[in-house]
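These notes are about the structure you will find just below.
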């Protein structure tokens with residue numbers, strides 16, 4: 001392909017690209033000359049940039065750089081500008097992440113190193129912008145400010161924590177909370193240690209909700225279910241149909257139930273009505289103390305429903321039976337055939 005060249009209004013050519021390169025090198029064609037391309041005259045400088053034509057020459061343009069050098073400078077400046085923007089954005093993101101994790105327990109120690117990294121990136125971006133005098137200053141400055149703040153956050157939070165720890169009111173609150181937790185743990189430990197297991201004997205003697213004297217020892221020779229429950233306990237109520245069915249099926253064959261209610265004294269009327277409405281004829285141990293029920297504390301009851309199945313010998317044979325497993329276990333202890 002050949003091109004026409006216009007030099008000071010004088011048209012010459014046509015030239016091949018190799019001829020243009022040669023004349024440019026010799027200085028007979030300048031950057032300020034025009035070339036005919038796509039039905040219009042454009043400067044040779046624009047033509048070189050559009051086509052990315054490699055024309056090496058010692059000839060200098062008005063800025064004092066060769067064409068090849070000029071293109072390289074423009075490309076380098078663009079890349080440096082982009083690099084500054086990227087560094088600024090990364091430093092902002094890191095600073096925000098630093099600020100977030102500085103509030104999170106166990107990983108807050110990562111805040112300072114991340115903040116330092118963000119600060120270094122922001123400084124590098126700032127240097128690039130200052131040297132190249134390209135765009136990106138705003139982003140880099142924002143990144144620099146954010147990273148500085150993120151570096152200071154761990155120190156600020158540490159000081160806040162130290163001040164809080166030194167506060168007498170805070171120390172008092174922590175001390176009271178620790179005592180409460182310790183007391184609850186001691187209760188739990190004591191309860192778990194006192195809870196009877198399979199093979200152990202339970203001793204239950206009380207006056208029932210109906211006013212009758214009940215003694216588990218008098219029921220020796222029978223299979224007895226000890227059921228710890230409450231009217232406010234959802235899982236207990238959900239399990240009630242299984243308990244009642246076992247009672248109805250096997251009561252006349254030697255199966256008994258003793259209920260231990262963890263309801264409060266204010267709910268006594270509600271408990272009596274509930275027992276009557278739900279057809280629960282077995283005796284209920286009720287003292288109105290809720291979780292502090294004497295029998296419940298004696299046997300380490302810390303959660304309900306809690307059940308103990310006592311065999312004919314007066315020893316526990318199973319605990320915490322649920323659903324159909326209850327009837328199966330009762331049937332087995334009564335010596336009845338299991339289909």
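Of all residues being touching a helix residue (DSSP H, G or I) at 6+ places or on another chain (Cβ under 7 Å) and buried (at least 17 other Cβ atoms within 10 Å of the Cβ) in segment 282-300, which is nearest to residue 243 (Cα to Cα)? Just the residue, please.
Applying the filter and picking the extreme gives 282.
Looking at 130, 152, 138, 119, which is the one that is at pLDDT 70 or above and surrounded by 14 or more Cβ atoms within 10 Å (Cβ to Cβ)?
Being at pLDDT 70 or above and surrounded by 14 or more Cβ atoms within 10 Å (Cβ to Cβ) holds for just one of 130, 152, 138, 119, which is 119.
Could you check segment 214-235 and list, in sequence order, the residues that are without any contact (Cβ under 8 Å) to a residue 12 or more places away in the chain and within 49 Å of the chain's Cα centre (by Cα)?
234
The values are calculated or read from the model by the stated rules, or taken from the named source; none is laboratory data. The model shown is predicted, which means the values in this text are computed figures rather than measured ones. With ideal geometry, Cβ positions are generated from the backbone for all residues, glycine too; neighbour counts draw on all protein chains shown.
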